[in-house]
């Protein structure tokens, strides 16, 4: 047996590991496709003001990224995006939303939207920062 430890491994090594895990995992999940999504807002001039990406799988939706332009923060855009996401998600039979955020990002914002903390990595990815896992039932 030859054990390798490699920093910044090439894509083909990462792909072999990812695809192997995905093949194993899919044996335990329903045979349904993952649907990717985006929801975004442009200002009157067509400039990107903010948006989010996510994935729907069966009755769940995972919010991957939510970003609002620095000039638009605290304007309500984040709330508008999340409200639209919930509205659209219900149309696809989604009953539960999931996401994660860092302690310096927006845990208070998500709490105001009804998300509940279900887990936390302390000191990740660095000391003084926590990664917080949240979920919300919309069904």
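The values are calculated or read from the model by the stated rules, or taken from the named source; none is laboratory data. Since the structure is predicted, the reported quantities are computational estimates derived from the model, not experimental observations. Using ideal geometry, Cβ is built from the backbone for each residue, glycine included, and neighbour counts are taken over all protein chains shown.
Looking only at the range 104-124, which residues are over 14 Å from residue 85 (Cβ atoms) and touching a strand residue (DSSP E or B) at 6+ places or on another chain (Cβ under 7 Å)?
Residues satisfying the conditions are 107, 116, 117, 118, 119, 120, 121, 124.
Given the criteria under 21 Å from residue 58 (Cβ atoms), modelled with pLDDT of 95 or more and surrounded by 14 or more Cβ atoms within 10 Å (Cβ to Cβ), does residue 113 qualify?
No: the conditions fail for residue 113.
Looking only at the range 18-52, which residues are out of contact with any strand residue (DSSP E or B) (no Cβ under 9 Å at 6 or more places or on another chain), within 17 Å of residue 68 (Cβ to Cβ) and surrounded by 10 or more Cβ atoms within 10 Å (Cβ to Cβ)?
The answer is 47, and nothing else.
Kindly establish whether residue 122 is at pLDDT 95 or above and surrounded by fewer than 15 Cβ atoms within 10 Å (Cβ to Cβ).
yes
What is the residue count in the range 63-92 for residues that are surrounded by fewer than 13 Cβ atoms within 10 Å (Cβ to Cβ), within 19 Å of residue 38 (Cβ to Cβ) and touching a strand residue (DSSP E or B) at 6+ places or on another chain (Cβ under 9 Å)?
Residues in the range 63-92 being surrounded by fewer than 13 Cβ atoms within 10 Å (Cβ to Cβ), within 19 Å of residue 38 (Cβ to Cβ) and touching a strand residue (DSSP E or B) at 6+ places or on another chain (Cβ under 9 Å): 2 in total.
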